[in-house]
Structures are given as structure tokens and as C-alpha cells.
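The values are calculated or read from the model by the stated rules, or taken from the named source; none is laboratory data. Quick caveat, the model's predicted, so the values are computed rather than measured. Neighbour counts run over all protein chains shown; Cβ positions are idealised from the backbone, glycine included. Side chains are part of the model used for accessible areas, which takes the heavy atoms of the whole protein and leaves out ligands, DNA and RNA. Shrake-Rupley method; radii C 1.70, N 1.55, O 1.52, S 1.80 Å.
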Amino acid sequence: MRGANVTVAVIDSEIDLRHPDLQGVPVERFDATGAPSRPHTHGTGMAGAIAARTRLLGVAPGIRLLAVRAFSESDKSAEATTAQVMKGLDWAIAKNPRIINMSFAGPRDLMTERLLEAASKKGIVLIAAAGNAGPKSPPLYPAADPNVIAVSATDNDDKPFIQANRGKHIAVAAPGVDVLVPSPEGAYQLTTGTSVAAAHVSGVAALLIEARPSLTPADVRGILTRTAKPLGPGKDVQVGAGLIDPIRSLAGIVPAATSQIAPPPLRPGVMPAMPLR
């Protein structure tokens, strides 16, 4: 399983599509900012966590990528207005991808909620980072939207990432501490946060959809949560149903005799939101 023939939209900062690990990925680009751009660490890292295919191996290196630039880059960060995010979302939804990855977090916006609801009704799986504002932060969006799969992060010992947001809306967690991902100009970086955890979940969702294209957003959420590894008693405000288990998730929908499932490298890339978090 490589996510073949599955289209994933990544709404982020500028992705360095000339990076050796992203060359050859089928891609369509859109710029919602109208500002001069340059490849950025966050967008490049998130795309790589999903689709890297050379020195690193992303979770779903066979996907088709919609690279949506909604965040304007500065030296150390990237920020977006609500209008830019909505413009990027609107374009992506019109392209009818199977998955939209949103590795960012910010305040609630009613107009954005309407777009997310429309996307979900079209059968698009929506995945977002819970945010890195800490345990005392209120719920951040789009992760807290009921149509979105909210993703938290764990460290190398499968412990919750201490800076991750918490709440009953958290669906699952994925590796998100010191993850190796591509960086602009052919470089690599270690990244930490719920952003890269969300990218990992988007990759696993792509594998599931490749295996069974008829899956709905509710199906994908159900499989991810049902097969997650519990990290505590019951559903947890830190990690939801627990740590995603790609092999177990796929095993339930792919006949054993025909599946050739290599464990996705869920230790590969983070992003700020409004600004990227």
C-alpha cells in the first residue's frame, strides 16, 4: 500500500516540490496568498511526512498531491488570514480530493465551518492538528470542528506530547516528537508537534482509501479510532482513542492473502496555524 490514486490536499505554507524526496510526486498547485513565495520548512515537512519517496519514505508515497499555499512565509514562521485559508479550502474542495490535511490551528470561524461541512458531505476526509498551545488552551480549530478528525501527538516512548492541546474532541494521536522530514533546498529537519502527527494520520487515511475506495469520512474515523492502541483507560482528553496503528487499521479491510503492507515509517515531520502551530 502506497496511497496510489488517492488525492491529498495539503493546506500549508509553500512546499519545496524540487526537494529530492518530493520529486516525481504528481502535484497540482494553488496560491491563496497572492504574495511572493519561497519554500518553507513547515509546508515542505508536512508534505514530506505524507509523500516523501527517496531518502525518506513518507506514510503514503504514492499519493497525488494538491499543494495549497495559504500561509505567507517569513524567516521563522508562516501566518494566514481566515480569508486565505477559506480561499485555499474552497479551491481544494472544488478539486474533490479524498483527504484534506490541515496542520494548523487557530480560532473558530463560522464561514470556515460551512466549508468544512460541505467538504465532509462530499465525502472528503478532513484531518487537522489539535494544536501546540498546551493543556490549558481552549479547543482550537479546525481540529475542534465535528467534521474534522483531530490529531494529537506522542513522543518516542508513546507518551503524550506535553505541549499538545487537549479536549474531548481529540480523536487519535500519532508520532509527533523529533520526526525527520524534508526541509527546503534538499535539506532535512527534525520537527515536533501535532502538525506532523496530523500529516501521519492523513497518510494512513490515504492507505485505507487505496485499499477500499468506498470508505466514507465516518468509516475512516471509525477505523482509526477502533484500531488505535489505547494509552490509558477509555477515551482520553490527551490522545483520544489512542495511538494510531496502521497495520491493524489496514488488516481489517485488506484480505491477508492479497495484502502487502509494509509498516509506514511513523517516525518521519510540524506546523503553525493562524499562525501555524
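Here are the numbers for this structure:
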item: Whole-number accessible area per residue in Å² for the range 1-127, which is evaluated in the context of all protein chains at 1.4 Å; result: 41 Å²
item: Net charge dipole size for the chain [Lys, Arg +1 and Asp, Glu -1 on Cβ; Debye, nearest 20]; result: 560 debye
item: Rounded Å value of the spacing that divides the Cα centres of the range 145-175 and the range 1-42; result: 24 Å
item: Positive-end extreme of charge dipole, the range 1-138 - chosen from A35, I11, P138 (charges on Cβ); result: I11
item: Net charge over other residues, Cβ less than 11 angstrom from the Cβ of R248 (K, R count +1; D, E count -1); result: +1
item: Correct choice for Rg and Dmax of the Cα atoms in Å that was computed from the model, options (i) 16.4, 51; (ii) 17.9, 52; (iii) 18.5, 63; result: (i)
item: The range 60-130: relative contact order as a whole-number percent, Cα under 8 Å and 6+ apart; result: 29 percent
item: Shape of the range 121-180, Cα gyration tensor, a/c cut at 1.5; result: oblate
